[in-house]
Every structure is written in structure tokens, then in C-alpha cells.
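The block underneath contains the structure these notes are about, expressed in C-alpha cells.
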Amino acid sequence: MAKTSKDYLSDILKINLSDSEFQWLTSAVEQISKTKSKKDLYITYSLCTSKVQDKPITDFGTLEYEWKSYLETQKASTLDIARIFVLSSVLYAGEEFLKPVQQLIQVADKTELETFLKYLVLLPEPKNFNFAAVEALRTNIATVFNAISQYNPYPSQYFTTAEWNQMYLKAAFMQQDLKKIPEIEKMANKDLARIISDYAHERWAASRAIDPMFWRPVSNFLEGNLIDDIERLFKSEDEREQKAATLVCFHSNADKAKTLLNTYNTHLQKVEEGKLTWKNL
């Protein structure tokens, strides 16, 4: 039988927890799965804080698996993984635990919510928890918003186009690092390109700056006002805006984009040589 995410989490915990911590955790999960007790789930989840010493995980094991690099990027801690292991284990044990787990998420404190949002994709049937991921888009608490938006594969897999657009715009509005949002090219769409142009015009009218990274999704939708917007970036005195315009046009198939590149080619060679990308802009 193929290993599940729960099995990999167990492997990681086994090499990063003390014997007594791991024994307590696995015994508690086994008991919950056996008795189907919601009360035992709530108690075990609450006791994780006192029973598991929270420390950064330094050893993710030698096996390669789908989420290994993601856990490393998020700097997962033992308490993070212990909590997700508990939730994942009971969800695999039976569908009667779905509602209790959803209730745990609804009453989670900020730290617990951040953990849940970061590792949501490790739970079975992550779509069942979309309500929490979408709700996180409404918060003004940066750490909670970033838990779902930065590095996280969940939005590109489970958000609707409108929800993903909302997340991208909110990240720009909150002045968060847009480089940390994954799958931008994959999720780019015509509506988002229009929204980016509208938002930029509002910012310019108020004499407010715009992160040049904001323009990354528009390459395949260059038409109308967007052509003028990108030409404005080329003419800007801000070198990062010039470079962003070059990247937008370089990755576009539109004839007008090629025309702009022929006119404004200061940074074109660096893009062609791979020395200038969205990652190092």
C-alpha cells in the first residue's frame, strides 16, 4: 500500500521527537482511531503543546516525497507537524471526524490557524477545509494571510479563479512579497490582468508606488489599456519598472509587446541571457 502524507509525517516525527514524545503521540492517535472519540481528539490536540517540545525540524529523513521541500521551505516545527499528524490521522480513521476537525479549525488561535493553513494540503481531502483558506483572505493579520498565500500550493489547486485573484490583489494591497506566491503564470487570467490595470491606475492617480512584481501575470493578456500601462513602465525613471516591462513583453506573444521591446530594449539582452528574471527582479 502506498504511503500517505500521514505516514510521512509519522516518519519525520519519529526521528525528531524523543522516544517518550513519539510514544505518547502515536498511542493517543491510535486510541482516538479505535474509540472514535471526539472528546479524546480535542484533549489530545490540546495536549500537544505540553507533551511535544516545539523546536525546528532539522531532519526530514532520507526519503523523497511530494511535500518534503515544502516542509523545509516553511521551516516546519515539531509542534506544527504533531498537530497536523493528529488531524490527518483521525481524518484517515473515519469520516465522522471531519466535522470535529472543522470545528477545531474554527476555534483555533492565531498560531494554530497559521499551522493549519500552511499544511492544509497534507490533510486528506483538503477541499473540505476551503472555508478556512478563503476566510484567511479576509484577514489583515499578515502572518495568517501569508500562511495561505506564500509558498503554499493550496490556492492554485483548490481556489476558484476569483478567489485566487482576490488573494493576489490582497497580497499587493498589503504590500507582501509577491515573489513568494507560487504558480503565478499558471493562475494568470484575463480578469486578473484587467484588475491589475485598474488597480495601477488608482495607485498612480493617488501618486502611490506599485511593486513592479505586480505586473507579472499580464504577459498573455496585453491589449487595450495594458499596452499603454506597460509603455509607461518602460518610460519610468525607476529601473525595476523598466525591467518589469521588459519581462512582461518578453514572455508575451502579442505583436505589440514585440514592438515595445524593439523600442525599449535597454534590459532585453539580460532577459534573453537569463540574467534577469521575475525571481531576481
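The values are calculated or read from the model by the stated rules, or taken from the named source; none is laboratory data. No experiment lies behind these values; they were computed from the predicted model shown. So basically every Cβ, Gly included, is an ideal-geometry build from the backbone, and we count neighbours across all protein chains shown. Calculation scope for accessible area: heavy atoms of the full protein, side chains included, ligands and nucleic acids excluded. Shrake-Rupley method; radii C 1.70, N 1.55, O 1.52, S 1.80 Å.
For every residue, the table says whether it meets (1) under 13 Å from the mean Cα position of the chain (by Cα); (2) open to solvent by 10 Å² or more (accessible area, probe 1.4 Å).
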residue: Asn128; (1), (2): no, yes
residue: Asn140; (1), (2): no, yes
residue: Val144; (1), (2): yes, no
residue: Ile148; (1), (2): yes, no
residue: Pro153; (1), (2): yes, yes
residue: Tyr158; (1), (2): yes, yes
residue: Tyr168; (1), (2): yes, no
residue: Ala171; (1), (2): yes, no
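Scanning segment 14-32 for residues that are surrounded by fewer than 20 Cβ atoms within 10 Å (Cβ to Cβ) and either in contact with a Phe, Trp or Tyr (Cβ under 8 Å, 6 or more places away or on another chain) or of a type in the set (Phe, Trp, Tyr) (or both) turns up Lys14, Phe22, Trp24.
A single member of Lys127, Lys118 is over 22 Å from Ser50 (Cα atoms), modelled with pLDDT of 95 or more and basic (Lys, Arg), and it is Lys127. Does segment 124-134 contain any residue that is farther than 26 Å from Gln23 by Cα and of a type in the set (S, T, N, Q)? There is at least one residue in segment 124-134 that is farther than 26 Å from Gln23 by Cα and of a type in the set (S, T, N, Q). Does Thr58 count as in contact (Cβ under 8 Å) with a residue 12 or more places away in the chain and either open to solvent by less than 20 Å² (accessible area, probe 1.4 Å) or in contact with a Phe, Trp or Tyr (Cβ under 9 Å, 6 or more places away or on another chain) (or both)? No, not satisfied.
Of the helices (runs of 4 or more DSSP H) lying entirely inside segment 68-118, the ones with 3 or more residues being out of contact with any helix residue (DSSP H, G or I) (no Cβ under 8 Å at 6 or more places or on another chain) and open to solvent by 10 Å² or more (accessible area, probe 1.4 Å) are found at 68-73. Of all the residues in segment 156-172, those that are over 18 Å from Val218 (Cβ atoms) and among the β-branched types (Val, Ile, Thr) number 1. If you go through segment 249-277 and keep only what is in contact with a helix residue (DSSP H, G or I) (Cβ under 7 Å, 6 or more places away or on another chain) and among the hydrophobic types (A, V, I, L, M, F, W, C), you end up with Cys249, Phe250, Ala257, Leu260, Leu261, Leu268, Val271, Leu276.
With a requirement of 1 or more residues that are more than 25 Å from Ile181 (Cα to Cα) and open to solvent by 50 Å² or more (accessible area, probe 1.4 Å), the helices (runs of 4 or more DSSP H) lying completely within segment 205-276 that satisfy it span 225-235, 255-263, 268-272.
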